[in-house]
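The values are calculated or read from the model by the stated rules, or taken from the named source; none is laboratory data. On a predicted model such as this, the values are computed, not experimentally measured, just so you know. No Cβ is skipped: glycine too gets one built from the backbone with ideal geometry, and neighbour counts run over all protein chains shown. Ligands, DNA and RNA are excluded from the accessible area calculation, which covers all protein heavy atoms including side chains. Shrake-Rupley method; radii C 1.70, N 1.55, O 1.52, S 1.80 Å.
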Amino acid sequence: MTTKKTMGWLKFICLLAMLGMVNRSFAGNYNWDANGSEAGSGGTGTWDVVSALWTNAPNTWVSWPNSNPNADTALFSGAPGGVVTIAPGQTIYVNAMKIGTTSTVNYRFTGGDVNSVLAFSGTEPKVYVGVNNMTLNNGNAPTFTNLTINTGSGVTFLTSAGHFVFSGDSRFTGSGLVTIGITNVGGWFGSTSYLQSTNNAGFSGGFAVNSLSALCTETLLSALAANSLGTGRTS
């Protein structure tokens, strides 16, 4: 026999489920603005779950929506860029990261301590560079240091013509595949991703190098240290 009280609880549970579905349906673009007052400024700061350092609408400052699974894109622009520190002891969930709108943007992503985690979440996570020429020669290749990168279900690092650097004190965790790719944008350019870490010995996700382009472009994965490729398959 179903009582009114039971029916009330069922309605309440259904309402919570519906709210959860609504929350997951909102995917947004959030611009990193570390000074908290000037949209489009970018800059150096700490990426945490409470500080209102993001704009998702004109003159609307919010904290990072750290939901898991995540459907949001973190946009990093503003010359000259800066150092973005994942807060000590925190796990930041993100679906996509877009780095740079000009070739003068220079961003470094680092951990505040050994427990700082950048976790890729949601559908088809990716990190991509928005312009050409984000290279080591220019000193502005996106770099990940002192940071644990959780690959989730798999993450793609994508660039039109530039490089990624994973320094010696970075590490990959999880079982999701890391795809290194290049897009059609940017013409006849190449891309290299540098693995300098010796901390990937326990990483089982593996690496795949794929041009993802109809053009004749060169895509390279340079493993520069022992254990940098982990235990998974590299193709």
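General observations
- Condition check for ASN199: modelled with pLDDT of 80 or more, of a type in the set (S, T, N, Q) and at positive phi: no
- Within region 150-165, considering residues that are in contact with a Ser or Thr (Cβ under 6 Å, 6 or more places away or on another chain) and at pLDDT 95 or above, the one farthest from GLY100 (Cα to Cα): GLY152
- Test for SER222: is it at pLDDT 80 or above, surrounded by fewer than 18 Cβ atoms within 10 Å (Cβ to Cβ) and either among the basic types (Lys, Arg) or closer than 20 Å to ASN95 by Cα (or both): no
- Within region 202-219, considering residues that are open to solvent by 60 Å² or more (accessible area, probe 1.4 Å) and part of a loop (DSSP other than H, G, I, E, B), the one modelled with the highest pLDDT: SER204
- Residue satisfying all of: in region 39-52; within 15 Å of GLY81 (Cβ to Cβ) and modelled with pLDDT of 90 or more; surrounded by the fewest Cβ atoms within 10 Å (Cβ to Cβ) among these: THR44
- Residues of region 104-136 that are open to solvent by less than 50 Å² (accessible area, probe 1.4 Å) and at pLDDT below 95: VAL105, ASN106, TYR107, VAL127, VAL129, GLY130, VAL131, MET134, THR135.
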